Amino acid sequence: LVYLAGGVTFGEHELVFVDRSGATRVLTAKARPYQDLMLSPDGRLIATTIAGPETDSWIHDIARDTDTRFTSGSERRWPAWSADGKRVVYGGFDKDGWSIFWKPLDGSGAQEELVDLDETPGAPGFASRDGSALLYAIWDYGASHDVMLLSLTKHFPRPLFAKTPDEDWAQISPDGRWIAYNTDESGRQEVYVATFPDIGSKVKVSTE
């Protein structure tokens with residue numbers, strides 16, 4: 001047996017701002033196993049996943065360059081923001097399967113389950129501008145990827161698109177009238193823009 005001694009690593013990364021000219025500004029003095037990330041509505045904080053023996057969602061304060069653990073569980077990842085920035089939504093895995101949760105940013109309330117996904121992983125995305133709904137993606141491995149629209153008042157999810165083809169990584173425009181998303185309906189992965197919340201006219205904006 002030949003082996004290399006050492007601990008378990010999860011890949012060290014930095015959080016970086018890049019402007020339109022391509023100039024970069026590193027936000028973190030210390031590299032960590034950062035993964036999924038989302039900027040807060042006010043631009044002060046980054047919700048991110050930090051991988052490890054227990055993978056959790058953390059909040060990075062840009063001005064202070066500090067990371068604060070936000071969740072505590074065996075698997076809490078893909079953090080996203082409510083429209084007002086007062087809550088963080090995230091996907092989580094427990095013994096009964098995957099769910100999407102949220103809780104207040106200031107720690108004033110407990111974790112609340114928004115939707116039970118059973119065995120299908122799901123990643124929350126963007127909230128509608130009025131705060132009434134949340135987009136999330138589900139990945140049914142071996143089947144399809146779908147974008148779901150979850151009512152945050154009724155906690156009732158529905159598919160945003162037809163079941164086929166695959167769609168994922170949907171984002172709502174700042175004015176709340178459009179949605180950009182990824183789909184393979186042309187036979188390969190492309191980016192489309194469509195009206196929101198009613199998917200009417202749409203146009204492909206990527207080339208290859």
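The values are calculated or read from the model by the stated rules, or taken from the named source; none is laboratory data. Quick caveat, the model's predicted, so the values are computed rather than measured. As a convention, Cβ positions derive from the backbone with ideal geometry for all residues, glycine included, and neighbour counts pool all protein chains shown. Side chains are part of the model used for accessible areas, which takes the heavy atoms of the whole protein and leaves out ligands, DNA and RNA. Shrake-Rupley method; radii C 1.70, N 1.55, O 1.52, S 1.80 Å.
Under the definition of Cα pairs under 8 Å and six or more residues apart, what whole-number percent is the relative contact order of segment 19-157? Provide the component values of the computation, followed by the final result.
Details: 321 pairs, mean separation 19.1, N = 139.
Once divided by the residue count of segment 19-157, the mean separation gives 14 percent.
Stokes-Einstein at 20 °C, 1.002 mPa s, Kirkwood radius from Cα pairs: D for segment 1-72 in µm² s⁻¹? For the chosen part, D equals 157 µm²/s. Averaging the Cα positions of each part gives two centres, and for segment 90-132 and segment 158-181 these lie 18 Å apart. Extending 7 Å from Cα along the Cβ direction at residue 8 and again at residue 153 yields two label points whose distance is 4.5 nm.
The charge dipole of segment 1-147, taken about the Cα centre with unit charges on the Cβ atoms of Lys, Arg (+1) and Asp, Glu (-1), comes to about 620 debye, rounded to the nearest 20.
What's the carbon and sulfur percent of the chain's accessible surface, probe 1.4 angstrom, rounded to a whole number?
Working: 6190 of 11950 Å².
C and S fraction of accessible area: 52 percent.
Phi-derived couplings, Karplus 6.51 cos²θ - 1.76 cosθ + 1.60 at θ = phi - 60°, listed residue by residue for segment 175-190: 8, x, 9, 9, 9, 9, 7, 9, 8, 10, 5, 7, x, 8, 5, 9 Hz, with x used for Gly and Pro.
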